[in-house]
Amino acid sequence: MKLHTYAFILMFTSGICLNVVPAAAQEATAEIPEESTEQETEAPSSISIMEQRRAILSRTFHRPTSAADFFKQVDVTITAAPLFILNRGNTQKGTPPTITFPIAIGARWPNNYFIAFEPRLSFFLNYYGWDSTDNYAYPVEIEQRTAVSFSLLFVLPMVFTLNITRKSSLDFFADIAFLLRFATSADSTADKTHITKINRWFWQNARFLYIGTGVAWMFEINNSNLKIGPEFRIHFPIGSLATKHGIDGLLLSGGLKIVF
């Protein structure tokens with residue numbers, strides 16, 4: 001009788017243990033999805049922060065593997081901007097600040113990246129006269145001209161781009177520029193020796209060297225590669241600063257820029 005009683009107790013307790021263990025296992029497995037759910041909710045927030053940073057700084061750079069890939073990463077730029085040339089010399093011998101209307105053509109590589117290289121070339125004409133007392137070439141009005149100067153402004157800027165919205169961005173420039181000028185006689189009565197002195201003056205004391213900065217606000221047109229926006233630039237004359245002529249010859253421009 002006692003043997004049967006002990007057997008019944010043993011079977012009853014083992015059944016309880018079998019029922020308790022699966023229940024505990026189910027509770028443990030039920031907690032696992034909650035942890036993974038927390039991880040899933042945390043992941044999108046970190047991803048969204050990275051996406052925001054990439055959106056501000058533009059997309060990642062892809063190294064070109066061929067010439068075709070390289071040219072796909074090149075944008076052409078055209079800028080129409082009046083150029084203001086400061087004249088702080090003797091205005092009795094020269095003209096007040098001059099305004100010319102150059103057209104600038106350039107290229108940008110790589111496109112759609114937050115750091116890029118954007119060389120550009122501008123062409124314009126200007127008139128100069130020579131003052132033998134100061135040994136200085138002054139910009140003059142057309143009636144007083146001794147020489148016609150054919151000028152090329154070659155700019156080598158680094159561009160830093162910040163995306164403001166999906167369709168607009170700010171470009172910041174830091175550059176070194178070379179003002180390449182060649183003077184020729186304005187008419188048959190011009191003094192040839194003055195023309196020679198003006199050409200020599202252009203290249204003395206680093207008068208051809210400038211450093212500059214600027215900003216452009218570009219807008220994308222109809223989800224295409226075409227961008228249009230205002231641009232402003234300023235270039236400081238190294239030669240004038242080095243020879244204690246201040247910012248004589250300062251270049252200031254503002255106008256419309258097109259990128260495609």
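The values are calculated or read from the model by the stated rules, or taken from the named source; none is laboratory data. Nothing here was measured: the structure is a model prediction, and the numbers come from that model. A quick note on method: Cβ atoms are made from the backbone with ideal geometry, for glycine too, and the neighbour counts reach across all protein chains shown. Please note that ligands, DNA and RNA were not included when accessible areas were found on the heavy atoms of the full protein model with its side chains. Shrake-Rupley method; radii C 1.70, N 1.55, O 1.52, S 1.80 Å.
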Calculated FRET efficiency for the pair SER132/LYS244, C-beta based, R₀ 30 Å, to 0.05: 0.90
Global form of segment 135-214, assessed from the alpha-carbon gyration tensor, a/c cut-off 1.5: prolate
Net dipole in debye of segment 128-188 [+1 Lys, Arg Cβ; -1 Asp, Glu Cβ; about Cα centre; nearest 20]: 500 debye
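Shape verdict for segment 182-249, please, from the Cα gyration tensor: rounded (a/c under 1.5), prolate (a/b greater than b/c) or oblate.
oblate
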Relative packing of 102-112, 159-169, which averages over residues the other C-beta atoms within 10 Å, highest first: 102-112, 159-169
PHE260-LYS192 FRET efficiency (beta carbon distance; Förster radius 41 Å; 0.05 resolution): 0.35
Whether segment 180-221 is rounded, prolate or oblate, judged on the alpha carbon gyration tensor where a/c under 1.5 counts as rounded: oblate
Average accessible area per residue (Å²) across segment 61-164 - probe 1.4 Å, nucleic acids and ligands excluded: 53 Å²
Net +/- balance of residues flanking PRO102 in space, Cβ distance below 14 Å, scoring K and R +1, D and E -1: +3
Cα-derived Rg to Rh of segment 83-212, Kirkwood definition: 1.09
Percent accessible area from carbon and sulfur atoms, segment 126-260, protein chains only, probe 1.4 Å: 64 percent
